[in-house]
Structure formats: structure tokens, C-alpha cells
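*Asks:* First, the structure itself, so that you have it in front of you.
The values are calculated or read from the model by the stated rules, or taken from the named source; none is laboratory data. What you are looking at is a predicted structure, and each value in this text was computed from that prediction instead of being measured. Note that each Cβ is placed from the backbone with ideal geometry, even for glycine, and that neighbours are counted across all protein chains shown.
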Amino acid sequence: MAFSAKTRQENIEKLKSTQLDLLIIGGGITGAGITVEAGAKGLANGLIEMGDFASGTSSRSTKLIHGGLRYLKQFDVENVAEVSREREIIYNNAAHIVHPTPMILPIYDEQGASFSSFSAEVALKLYDELSDVQEEYKNYFLDKDATLEREPALKKEDLLQAGVYLDYTSDDARITTELMKKANEFGSIIANYVKAVDFIFDDQQKVAGVKAQDVVTGEQFDIKADIIMNATGPWSDETREKSAAESEQRMRPTKGVHLVVPEERLHVNGPIYTDSSFFDNRMIFIIPRNGKTYFGTTDTDYTGDINHPTVSQEDIDYLLKAVNYRFPEAKLTASDIEASWAGLRPLIAESGGKNPSAVSRGSSLTESENGLITIAGGKLTDYRKMAEGSLKLISKRLKEKTGKEYPEVDTKVVKLSGGDVPLGSKFDAYVEEQAKKGMETGLSKEEAEKLVRWFGSNASEIFDRANSFTKPANLDLGDALFLIYTLENEMALTPTDFFDRRTESILFDHHHVLETKEAVVEFMTYYYQWDATTKEKMVAELEETIAEADLSNL
């Protein structure tokens, strides 16, 4: 189903003229989940995002749909149980994005270690029970020799054993995009690059809409809605203040940084979760992905510009020291880093001055006196649960305000766009079978399988398109189909949208970006009819994003 720049312009016109039941401000995973929930129930709802979808926190996570093992350290059993259930739901509905993957937890006889052999066994047993893990994925332990046979690069000294448990690798921006496409199917009126600059109030000084600005054209217009939902993550306080609501600072953002190196510089056979080794109650992930290995996160309090968190030299030093301690033969230096990312976690402020790593990432649903509803905090994994809770309050307020009632819809069974695929090992067989159709269009086996793994059941639509478009010059057929599909069906408006969020190329295929960026810019210039000034702006934005990612700007 079309979800393009044309769709966006049509949606802006609809936003101007439609009295909405609900307007959502914020196009990250939380807002995306809410618009799907609202669309499934039949609410006339719209969503605006001041940048691109997932351009904030929701493309800057550790890229796992995990069950929250670390919360068991805090005895937060209820949180783990709920998150684990949601994890299974996401997997069932988006198996092309979410993949069950064994995670290794090395146990060391070190001062301040997060887990001892005993506590790890208790935690993983409880983790499996709370998560209702299937027999084939239940945890088990490896002795020291078996651990090193599996992950020979690990530090040998003081290693006791390792636990192996189920977790899920994923792509955060991809899930957000597929949710937006599903909401579009439901009739939600969605537009990226539209900013809420002010609020509109009724006679009782209740929020009744927003004054919005099309960031692309500069045009300002009004959007009217019975309920306004603030789902802006780290920007929640700023949005609430803009509405003249209470000014209490409820957010406590922390910065998380991840670094990417070539696989040959740090080879691991599967994801690893281990102490930082600094006795600071932090743990880090080391995860292989597409011929690269990435590791993080830093998890430090953040007071800088929330619009532009960046990787600092201090962040680099911390992570390199941590990883080199745990993998002593790697001897990584800053010159090994191919890419990086920094993002903010929208933690809820708590009293007591707790270390941010120990703060529970629970969500908060609040209602200001002026009627603005704010959802904040939470985790990538529980986006659907947050949306479900939000819609209960929204539905109640709509009934009070307008008398409207909406049916109950169980979104546990709503497949994300592209999610009509089989689970587990059957997905691999599905990829192989579907790729044959792509190969008939001239794609290589590798190109065809990549498209199926990335777009799931939507890949057949892409293959159908292969023979009915003019291939952009200087792009292979696979790259061309990727680009065309994201322009026509994923509302990608800029080269940075494409390279950074519709694909993960800037992070995990850096050299390919350098090889194809000129061809992509040239085609998008032709496709969108950009003038020289606009093209120059797009190139500058892309170059800045690349420089930040590869740290050449440091």
C-alpha cells in the first residue's frame, strides 16, 4: 500500500481539514504503537513527527527485543514477566525483523561481578519460567572449556562458566517503520517532518489541537483533535511545557553509545552480555551483525542538547577499555571503529539519586490539567503494552467528551507490515523459496534473500515491481529496488532517511554507503525534482550523518 511523499502531502491536507479523535505527537516506537492501536479500533487519528520516523531514540537502541534479564538483579520480577510476554508477541507478529538468538552470559570470579554461578543459575531459571520459554530455547550452562570453545576470544583468566539463554536480535527503526505502514493500512493519517510548534485551546483552556509546521515547505497550519497525545520520548517535558502545562521535569534521559568494528577485528560467534569490568554496575552487549561486531552501551546521565546527542571521546575510551579487558587479544583502538551511534533513553526521573543503570525503565501515563496526555519512559519491547494502556485512557476521555465508543481490538494478533511469514527455522525456508521469485527478475540469490529478510512478506510486491520501473543509473538492481520501495512505500524523503533508517547501511555497511551515495542522491534529486539548493542541503545532511557515525568529525 502506498506510503510515499505523495501520501504525506495528501495526509497533510487531511490533517488540515479533519476533526480528529486523536492526534499523536511523536513518530518513534511509542507513537507508532499508539497509532496502530488507534487505527485498529477505528479512531480517526493522526500522527506527526518533527523529523523522520524513529530518528530519535527509536533508531538508537541496542537493537534487541530482550526480556530484561538485568531487571532480575533488581528483583523486578513483574517487569520481566510482562516484557517477556510482549517480546513473544512482537516475534509472532514481525518474524522477519525479530529473531530468536542464544545469548551468552559469561560468569567470572571477579570483585563486583553482577552474577555469580549461583545467582546466574537462579536468575536464568526464573527468567525462563517468567518468559514461558519453549523447551528448545531453555537456558543451559557451559563449563569454562566449552565456553572458550564457543567464544575463544573471551578473557580466560577468572572465567568460571557461562549461561546460555534466549534473547531476540532485531532492528528498532525497522519495527517503527513497519508499524507506521500497518497504521497507514488502518487509515491513520501520518506525516513525518511535521512539527507541533504550539497548541490550540478551547474555551475551557483545554488542548484542542496544535499549530503545526511542515518542516519541508515551512507552511504552518492547524490540526484539530479531541485528544492530544504527547509521545515524544526525551522531548516529553519540552512538549508539555509548550502546552502551558505544569513545568515539572519528569524525564531523566541517559545517553547510550554503541561502536561498530569489522568482524575480523573482534570476532564473536553470537551475542554476549557481560560486566563492563569497571565495578560500576554496568553491563555491555557484544553482538555480531552483517559481518560487523557492535558493542555498548554507556548509560550515562545526559544534560546536553536532546536534539543532537553525540559520541564523545570519553564514551569511546570507556567502551574500548571495557571490550579490550573482556577480549584481551582484540587490542581495539579508535582507528578500528567504522561506525557508531548515540541515543537517549527516556527514563522517568526518580528521587534518591540512583545510578541510571539501576533505574527501572517503566513507563508513565499522565494527564495534565489542560487535557494533554503524556506517555513517557518504557522500553522498545513493551511498545504495544504502552499503546494498549494509552488507548484505554483515551477511549474513556473520548466517551466523556464526545459520547463516542470504539470496539475492543486485540492487537496481540495484529501482524506488522511484512509480518505474514512463518516463525523460526521455517522462516529460513520461506526466505529461500521466496528468493527464487526475485532471482527470476535478475537479482542474485544474495540480493533476493536480503530483500526477503528485510521486507518479509512485502518482498513479493518488490519483486513484482522489478520489471516495471526504470532502474536508477549506477545502482545494482537490488539497491535500486530497495530505494524505490522505500520512496514509494516507506515515506523516505531524504538520502539520510534511506541510508540511516530505511536501511542500516550507515551503521553496518559503511563502505557500501560510500560506493552508492552519489547514485542515490542523483536518483532522489530526479525523483523529487529537487533544485540545486535542496540537493546541496541533502548532500550536506548526509555527509554530516556519515561523519558523526564514522567519528571523522571528532
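*Asks:* Counting just the residues of region 220-259 that are in contact with a Lys or Arg (Cβ under 9 Å, 6 or more places away or on another chain) and free of Cβ contacts under 8 Å to residues at least 60 places away in the same chain, which one comes out surrounded by the most Cβ atoms within 10 Å (Cβ to Cβ)?
*Replies:* Here the answer is ASP237.
*Asks:* When region 308-343 is examined, which residues are found to be within 19 Å of the chain's Cα centre (by Cα) and in contact (Cβ under 8 Å) with a residue 40 or more places away in the chain?
*Replies:* Result: PRO309, THR310, VAL311, ALA339, SER340, TRP341, ALA342, GLY343.
*Asks:* Would you mind stating whether ALA549 is in a helix (DSSP H, G or I), among the hydrophobic types (A, V, I, L, M, F, W, C) and more than 25 Å from SER55 (Cα to Cα)?
*Replies:* Taking the combined requirement at face value, the residue does not satisfy it.
*Asks:* Right, next: Against the condition under 23 Å from GLN9 (Cα atoms), modelled with pLDDT of 95 or more and within 23 Å of the chain's Cα centre (by Cα), how does PHE498 come out, does it pass?
*Replies:* The answer is yes for PHE498.
*Asks:* Please go through region 169-210 and pick out each residue that is surrounded by 24 or more Cβ atoms within 10 Å (Cβ to Cβ), under 15 Å from ILE48 (Cβ atoms) and of a type in the set (Val, Ile, Thr).
*Replies:* Passing the criteria: THR176, ILE189, ILE190, VAL194, VAL210.
*Asks:* Let me ask something additional. For LEU166, state whether it is touching a Pro at 6+ places or on another chain (Cβ under 7 Å) and either surrounded by 22 or more Cβ atoms within 10 Å (Cβ to Cβ) or not aliphatic (A, V, I, L, M) (or both).
*Replies:* The answer is yes for LEU166.
Here's the yes/no breakdown for (1) of a type in the set (D, E, K, R); (2) free of Cβ contacts under 8 Å to residues at least 60 places away in the same chain; (3) surrounded by fewer than 22 Cβ atoms within 10 Å (Cβ to Cβ):
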position: PHE499; (1), (2), (3): no, yes, no
position: ALA519; (1), (2), (3): no, yes, yes
position: THR533; (1), (2), (3): no, yes, yes
position: GLU544; (1), (2), (3): yes, yes, yes
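*Asks:* With a cut-off of at least 1 residues that are within 25 Å of the chain's Cα centre (by Cα), name the strands (runs of 3 or more DSSP E) lying wholly within region 135-238.
*Replies:* 159-169, 189-192, 194-201, 207-214, 220-230
*Asks:* Pick from region 461-491 the residues that are without any contact (Cβ under 8 Å) to a residue 40 or more places away in the chain and closer than 20 Å to ASN184 by Cβ: which of them is surrounded by the fewest Cβ atoms within 10 Å (Cβ to Cβ)?
*Replies:* It comes out as ASP464.
*Asks:* Let me ask another. For region 261-280, state whether one or more residues are surrounded by fewer than 23 Cβ atoms within 10 Å (Cβ to Cβ), over 30 Å from GLU110 (Cβ atoms) and polar (S, T, N, Q).
*Replies:* Scanning region 261-280 turns up no residue that is surrounded by fewer than 23 Cβ atoms within 10 Å (Cβ to Cβ), over 30 Å from GLU110 (Cβ atoms) and polar (S, T, N, Q).
*Asks:* Please work out which one of (1) under 29 Å from ASN192 (Cα atoms); (2) among the small types (Gly, Ala, Ser); (3) not assigned by TED's automatic domain parsing to the domain that holds LYS517 is the condition ALA459 fails and give its number.
*Replies:* (3)
*Asks:* Test each condition in (1) modelled with pLDDT of 95 or more; (2) surrounded by fewer than 24 Cβ atoms within 10 Å (Cβ to Cβ) for ILE29 and report the one that comes out false.
*Replies:* Among (1) modelled with pLDDT of 95 or more; (2) surrounded by fewer than 24 Cβ atoms within 10 Å (Cβ to Cβ), ILE29 violates only (2).
*Asks:* Looking only at residues in region 388-418 that are of a type in the set (Ser, Thr, Tyr) and closer than 19 Å to LEU365 by Cβ, which one is surrounded by the most Cβ atoms within 10 Å (Cβ to Cβ)?
*Replies:* Looking at residues that are of a type in the set (Ser, Thr, Tyr) and closer than 19 Å to LEU365 by Cβ, I get SER390.
*Asks:* Still on this structure, please answer the following. Quick one: how many residues across region 70-98 are within 19 Å of GLY270 (Cβ to Cβ), outside any loop (DSSP other than H, G, I, E, B) and at pLDDT 80 or above?
*Replies:* 2
*Asks:* Is it the case, given these coordinates, that THR101 is in contact (Cβ under 8 Å) with a residue 40 or more places away in the chain, within 19 Å of MET283 (Cβ to Cβ) and in a strand (DSSP E or B)? Outline the logic, then answer.
*Replies:* On the way: in contact (Cβ under 8 Å) with a residue 40 or more places away in the chain: yes; within 19 Å of MET283 (Cβ to Cβ): yes; in a strand (DSSP E or B): yes.
Spelling it out, THR101 is indeed in contact (Cβ under 8 Å) with a residue 40 or more places away in the chain, within 19 Å of MET283 (Cβ to Cβ) and in a strand (DSSP E or B).
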